[in-house]
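The values are calculated or read from the model by the stated rules, or taken from the named source; none is laboratory data. Owing to the predicted nature of the structure, the values given are computational and were not obtained by experimental measurement. We place every Cβ from the backbone using ideal geometry, glycine too, and count neighbours over all the protein chains shown. Keep in mind that these areas ignore ligands, DNA and RNA; they rest on the heavy atoms of the full protein, side chains included. Shrake-Rupley method; radii C 1.70, N 1.55, O 1.52, S 1.80 Å.
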Amino acid sequence: MLILISSPQKPILLQGHERSITQIKYNREGDLLFSVAKDTVANVWYSVNGERLGTYNGHTGAVWCVDCDWDTKNVLTGSADNSCRLWDCETGKQLALLNTNSAVRTCGFDFSGNIIMFSTDKQMGYQCFLNFFDLRDPQQIEDNQPYLSVPCSESKITSAVWGPLGEFVIAGHENGEFNQFSAKSGEILKKAKEHSKQINDIQTSVDLTMFISASKDNSAKLFDSTSFDHIKTFKTERPVNSAAISPIMDHVVMGGGQEAMEVTTTSTRIGKFEARFFHAAYEEEFGRVKGHFGPINCVAFHPDGKSYSSGGEDGYVRIHYFDPQYFDFELEA
């Protein structure tokens with residue numbers, strides 16, 4: 001039984017990008033939502049009403065990733081212009097520019113907000129690297145010298161997040177593998193291969209003990225962050241671009257669609273592009289939300305679990321508030 005999850009109000013539509021959305025991220029309190037897209041702009045919005053707070057201007061290529069630190073002081077973005085940039089969240093001032101040899105695909109602050117990691121693409125003869133900088137050491141930033149740079153020769157990193165306590169980074173690769181890279185030594189602590197195709201997205205649970213992966217192999221999977229034990233699998237008929245874990249319910253939301261190259265072959269008016277809700281324990285799909293005119297590239301739950309957002313190939317970010325029935329909904333086992 002599928003329910004169409006309705007919201008008590010119309011979704012809030014954020015129109016601040018001219019090209020497809022690549023990532024959206026809430027800050028820890030959830031009052032701000034960051035969005036980046038293929039149009040060089042990073043935007044920050046008030047999540048409660050969809051008002052745009054400001055932009056972070058400076059990138060000259062598609063922006064692939066964004067992250068915000070624990071106390072919403074700094075913002076990190078990585079772009080196809082071969083740079084990773086650090087911004088003052090409040091003023092929009094650029095605090096640091098880290099130049100790379102290839103596009104920056106993933107980026108993130110550790111729990112303390114002192115260490116950043118980012119990965120670069122394998123392109124133009126350069127291999128993929130996972131770089132770590134300590135922001136407390138201005139010399140590293142000045143010399144553009146990470147304290148640790150890990151080469152990934154086998155398969156490039158397509159998604160990465162910090163694990164619990166900032167001890168390691170969980171990286172998903174183009175070949176469907178996961179690796180845990182130690183943030184101290186750079187060595188691989190654990191490996192897993194549960195997906196047959198590229199990992200498109202990794203997101204952690206609110207306490208960082210679990211993570212969910214979204215893959216091109218039409219599935220999303222739930223894992224234990226530390227042991228890499230595979231806990232659950234959520235299957236669909238299409239590639240999954242993004243998946244997120246609810247902070248308050250046993251729910252996961254998934255967004256996907258088709259391969260970008262096949263988008264033109266179908267009518268987008270049909271609105272096949274729904275966010276899909278699965279029960280985390282029963283692996284059962286129980287609801288869908290329509291809306292985007294094109295594949296959904298990223299999804300994120302608000303930290304209070306009462307709303308979620310999705311960013312699409314259509315360039316829009318939509319914030320959906322759940323109606324009261326959603327919270328009382330019980331899956332009939």
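I'm trying to understand the selection: among the residues of the stretch 286-304, which are farther than 13 Å from Gly255 by Cα and either surrounded by fewer than 18 Cβ atoms within 10 Å (Cβ to Cβ) or among the aromatic types (Phe, Trp, Tyr) (or both)? Of everything in the stretch 286-304, those that are farther than 13 Å from Gly255 by Cα and either surrounded by fewer than 18 Cβ atoms within 10 Å (Cβ to Cβ) or among the aromatic types (Phe, Trp, Tyr) (or both) turn out to be Phe286, Pro303, Asp304. Tell me, which residue of the stretch 71-95 that is open to solvent by less than 20 Å² (accessible area, probe 1.4 Å) and among the hydroxyl-bearing types (Ser, Thr, Tyr) is nearest to Ile24 (Cα to Cα)? Once the filter is applied, the top-ranked residue is Thr77.
Screening the stretch 212-234 for residues that are in a strand (DSSP E or B) and free of Cβ contacts under 8 Å to residues at least 24 places away in the same chain and picking the one that is nearest to Tyr282 (Cα to Cα) gives Ile231. Confirm whether Glu313 is open to solvent by 50 Å² or more (accessible area, probe 1.4 Å) and modelled with pLDDT of 90 or more. Judged against the criteria, Glu313 is a match.
For Phe132, the test of being closer than 19 Å to Gly58 by Cβ, under 22 Å from the mean Cα position of the chain (by Cα) and either modelled with pLDDT under 95 or among the hydrophobic types (A, V, I, L, M, F, W, C) (or both) is failed. Considered as a group, the residues in the stretch 17-69 that are β-branched (Val, Ile, Thr) and in contact (Cβ under 8 Å) with a residue 60 or more places away in the chain include one that is surrounded by the fewest Cβ atoms within 10 Å (Cβ to Cβ), and that residue is Thr22. Is it the case that some residue within the stretch 8-29 is of a type in the set (Gly, Ala, Ser) and farther than 22 Å from Asn241 by Cα? Checking the stretch 8-29: not a single residue is of a type in the set (Gly, Ala, Ser) and farther than 22 Å from Asn241 by Cα. Do the conditions hold for Lys190, that is, is it over 26 Å from Ser79 (Cα atoms), of a type in the set (Lys, Arg) and touching a residue at least 12 places away in the same chain (Cβ under 8 Å)? The answer is yes for Lys190.
Here Tyr321, Tyr308, Tyr282 are screened, and the one residue that is under 28 Å from Phe223 (Cα atoms), crowded, with 21+ Cβ neighbours inside 10 Å and modelled with pLDDT of 90 or more is Tyr308.
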